[in-house]
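Worksheet: one structure, shown below.
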Amino acid sequence: MNKRSAKRKNPTGITLEIILIIAAFLFLYPIFYLILTSFKSPAQINQPLAMPDSLYWGHYEKAIEKVNVLLGLFNTSVISVGSIGLLVIISSMAGYVIARIPRRFFQFLFFFFISGMVIPLQTGMIPIFKMGVALHLIDTRTFMILLYAAGALPMAIFMYSGFTKSIPREIEESAAMDGYGKFRAFWLIIFPLMLPATGTLIMLNIYGIWNDLFGPLLYLKDPSKMTLMSQIVQFKANHQSIDYGPIFALCVMATLPLVVLFIFTQKYMMKGLVAGAIKG
Amino acid sequence: MKASTREWWTGFWFILPATVLFSAFVFYPFVSSIYYSFTEWDSIRPAKFIGWDNYAFLLEDSKMLQAAKNTILITVFGIVVQNPLSLLLAILLNRSFRTKILLRVAFYLPVVVSLVVTSIVWGHILQYEGLLNGFLERMGLHSWVRDWLGDTRSVFPTIIALTQWQGLGYCAVIYLAGLQTIPQDLYEAAKMDGAKALNRFRHVTLPMLMPATTIVVFMTIVGGLKMFDIPYIMTGGGPGSASYTLTLAIYNAAFRENTYGYAISGGIVLMIFIMIVTLIQLKIMRRKEVEM
């Protein structure tokens, strides 16, 4: 009741809301278009303004038949989960130490890490490639995991060291009194308290890693190791834009997991950003 | 062992894995890139030291110069157009609409969709026989119809517009997070002092949003300078070199033409770009933050 009367007092609010909804619809149209076109029959696919009259699954069948989507999904998931897992483990320890031990060595390392924020991965791509060859890591998912984790370290360490400052020192002192070693105290007591920072970190990195093309293009050429993105690009290159249907179906399948993840976590992401990233 | 020494060693073991990984995969490749940028190197024969030749050649290479121009354009557009637009969007999305959550999700969704998929969908929409031209025809705007990606004059503005669409939600969400950290009593105090809406925006919202602005501008710069996927998939840099970006030019120099040393010198220039722009930006922002 109360809400409704407040709304009535403010009619510009509703007009504005309707304008925004229309804007959002136009803004999202390319995404509807992607999904729509992936269900259009081959006869209709070159009529961009036409609406499909029934769901045509042929493009999906063709895409799955030609491309090992499940393998791509597996590779992409292994690389995403692996690199973020590694990133969280080592950057939380590093950020914690930098915030807690005010010795010159650790402060120096902090600036060392932060300076990495301005080094683009592209600058080092050729030496990295050479190193991958020398270490027999080219065409392995492990290499991608190490690269992504290393590249995201500066931001992650920055966030964790900022977040550590909000954790009271008494917690560690009481853990030490209970006979916890430093290592156990960190993982069993401190790390769980860093959950908001960890959540933000995952949300900030998962999309970039999942969607990355540049890395797999350079370092993962073996078809059995390809990620979803390089599968799409490879498939498109092999079929030279003649057959858009299966490409669109592939795009939908590669995007769907992230969209689902985003819809379920978006509330948390907002909170995490407010708590973690902005206050730093 | 003294307690502080023991603490130092614990810290050392804690920070060691991150340091090793960062040194091996970020710092070492960077340092060796600086060395290789002064060499002629095709990765088969050993690198030959040639001094500043690569850098001198960069300045004469019309493709590289076009790429640098395009890369700067993307970044400037991001800061001048996308940045204020995303702030406006954030302010609107911060109101208590009934469809607030839905609207936020809608405007953020393009960020979740990869640049690969974005390029493919938009590539289809922008074809000569595609959705956009079909729509324009139907609206009677025949003179607007063009080969958006095939024309040297329209290709890069089109790509810029696309990057703005893709990144708008990301910037808006950071501003939105920034808006939510502004304490409500600041507005109430300003109201009591008789400040009008526009003045409240200028003297409360904007200064309090400075940290968020710093992040947004930094992300826009880094994202713009790294732009690769869209021109790689949609145009391959063409027609001619009209849609080259620095990263694409570097990639081609290295993996198409096998001129590794030269490609790396382009990469170094890219990095110096990022550093200079970031430093200038941080200086300006710092000063603004102090002023307020």
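What number of residues within the range A:18-32 satisfy the criterion of being surrounded by fewer than 18 Cβ atoms within 10 Å (Cβ to Cβ) and at the interface with another protein chain (Cβ under 7 Å from one of its Cβ atoms)?
The qualifying residues number 2.
Out of the range A:38-61, which residues are in a loop (DSSP other than H, G, I, E, B), hydroxyl-bearing (S, T, Y) and surrounded by 13 or more Cβ atoms within 10 Å (Cβ to Cβ)? Give the steps one after another, and end with the answer.
The first filter runs over the range A:38-61 and keeps only residues in a loop (DSSP other than H, G, I, E, B), leaving A:39-57.
Going one step further and asking which of them are hydroxyl-bearing (S, T, Y), we end up with A:41, A:54, A:56.
Once the filter is applied, which keeps residues that are in a loop (DSSP other than H, G, I, E, B), hydroxyl-bearing (S, T, Y) and surrounded by 13 or more Cβ atoms within 10 Å (Cβ to Cβ), the range A:38-61 yields A:S41, A:Y56.
Kindly provide the set of residues from the range A:180-212 that are surrounded by 20 or more Cβ atoms within 10 Å (Cβ to Cβ) and part of a loop (DSSP other than H, G, I, E, B), ordered by number.
A:M194, A:D212 - these are the residues of the range A:180-212 that are surrounded by 20 or more Cβ atoms within 10 Å (Cβ to Cβ) and part of a loop (DSSP other than H, G, I, E, B).
Please go through the range A:235-253 and give me each residue that is assigned to a helix (DSSP H, G or I), more than 8 Å from chain B (Cβ to nearest Cβ), without any contact (Cβ under 8 Å) to a residue 60 or more places away in the chain and not small (G, A, S), ordered by number.
First, the residues of the range A:235-253 that are assigned to a helix (DSSP H, G or I): A:235-239, A:244-253.
From what's left, more than 8 Å from chain B (Cβ to nearest Cβ): A:235, A:237-239, A:245-246, A:249-250, A:252-253.
Within this subset, residues satisfying the condition of being without any contact (Cβ under 8 Å) to a residue 60 or more places away in the chain are A:237-239.
Residues satisfying the conditions are A:N238, A:H239.
Kindly list, by first and then second residue, each pair from a residue in the range A:26-49 that is over 10 Å from A:V252 (Cα atoms) to a residue that is modelled with pLDDT of 90 or more and part of a loop (DSSP other than H, G, I, E, B), limited to pairs with Cβ atoms under 9 Å and residues at least 6 apart or on different chains.
Hits for this filter: A:P30/B:V113.
Could you pull out every one of the helices (runs of 4 or more DSSP H) wholly within the range B:63-125 that has 2 or more residues that are within 20 Å of B:W148 (Cβ to Cβ)?
B:115-125
From the list B:I74, B:I44, B:I34, which one is over 16 Å from A:L16 (Cα atoms) and modelled with pLDDT of 90 or more? Break it down into steps so the answer makes sense when it comes.
Numbers: B:I44 fails: modelled with pLDDT of 90 or more; B:I34 fails: modelled with pLDDT of 90 or more.
Residue meeting the stated conditions: B:I74.
Just give me the residues in the range B:78-111 being surrounded by fewer than 17 Cβ atoms within 10 Å (Cβ to Cβ), within 12 Å of chain A (Cβ to nearest Cβ) and either within 20 Å of B:Y244 (Cα to Cα) or free of Cβ contacts under 8 Å to residues at least 24 places away in the same chain (or both), in sequence order.
Residues satisfying the conditions are B:L88, B:R95, B:S96, B:R98, B:T99, B:K100, B:I101, B:L102.
Identify all residues within the range B:126-143 that are surrounded by fewer than 16 Cβ atoms within 10 Å (Cβ to Cβ), of a type outside the set (D, E) and not in a helix (DSSP H, G or I); write none if there are none. Reasoning before the result, please.
Pass one, the range B:126-143, residues surrounded by fewer than 16 Cβ atoms within 10 Å (Cβ to Cβ): B:128-129, B:135-143.
Keeping just the survivors that are of a type outside the set (D, E) gives B:128, B:135-136, B:138-143.
Residues satisfying the conditions are B:Y128, B:M139, B:G140, B:L141.
If you go through the range A:102-128 one residue at a time, how many are more than 7 Å from every other protein chain (Cβ to nearest Cβ), aromatic (F, W, Y) and farther than 19 Å from B:S33 by Cα?
Final tally of qualifying residues: 4.
Which of the helices (runs of 4 or more DSSP H) found entirely inside the range A:68-170 contain at least 3 residues meeting this: aliphatic (A, V, I, L, M) and buried (at least 19 other Cβ atoms within 10 Å of the Cβ)?
Hits in the range A:68-170: A:69-100, A:125-134, A:141-164.
What are the pairs, 6+ residues apart or on separate chains, where a residue within the range B:275-292 that is farther than 14 Å from B:V222 by Cα and modelled with pLDDT of 70 or more has its Cβ under 8 Å from a residue that is assigned to a helix (DSSP H, G or I) and among the aliphatic types (A, V, I, L, M)?
B:M285/B:M210; B:M285/B:V217
Checking the conditions here, which among B:T19, B:T75, B:T39, B:T71 is touching a strand residue (DSSP E or B) at 6+ places or on another chain (Cβ under 7 Å), hydroxyl-bearing (S, T, Y), buried (at least 16 other Cβ atoms within 10 Å of the Cβ) and under 30 Å from A:M144 (Cβ atoms)?
Of the residues listed, the single one that is touching a strand residue (DSSP E or B) at 6+ places or on another chain (Cβ under 7 Å), hydroxyl-bearing (S, T, Y), buried (at least 16 other Cβ atoms within 10 Å of the Cβ) and under 30 Å from A:M144 (Cβ atoms) is B:T39.
Applying the selection to the range B:235-252, what residues are in contact (Cβ under 8 Å) with a residue 12 or more places away in the chain and either within 11 Å of chain A (Cβ to nearest Cβ) or closer than 13 Å to B:M285 by Cβ (or both)?
Once the filter is applied, which keeps residues that are in contact (Cβ under 8 Å) with a residue 12 or more places away in the chain and either within 11 Å of chain A (Cβ to nearest Cβ) or closer than 13 Å to B:M285 by Cβ (or both), the range B:235-252 yields B:T245, B:L246, B:T247, B:L248, B:A249, B:I250, B:Y251.
Residues checked against (1) touching a Gly at 6+ places or on another chain (Cβ under 8 Å); (2) farther than 19 Å from A:Y33 by Cα:
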site: B:R104; (1), (2): no, yes
site: B:V112; (1), (2): no, no
site: B:I120; (1), (2): no, no
site: B:H124; (1), (2): yes, no
site: B:L132; (1), (2): no, no
site: B:E137; (1), (2): no, no
site: B:W144; (1), (2): no, yes
site: B:G150; (1), (2): no, yes
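Looking at (1) outside any loop (DSSP other than H, G, I, E, B); (2) more than 9 Å from chain B (Cβ to nearest Cβ); (3) in contact (Cβ under 8 Å) with a residue 60 or more places away in the chain, find the lone condition where A:M229 falls short.
(2)
Select from the range A:213-222 the residues that are part of a helix (DSSP H, G or I) and in contact (Cβ under 8 Å) with a residue 24 or more places away in the chain and list them in ascending order.
Residues satisfying the conditions are A:F214, A:G215, A:P216, A:L218, A:Y219.
The values are calculated or read from the model by the stated rules, or taken from the named source; none is laboratory data. Remember, predicted model here, so these are calculated numbers, not experimental data. In this analysis, Cβ positions are derived from the backbone assuming ideal geometry, glycine residues included, and neighbour counts consider all displayed protein chains.
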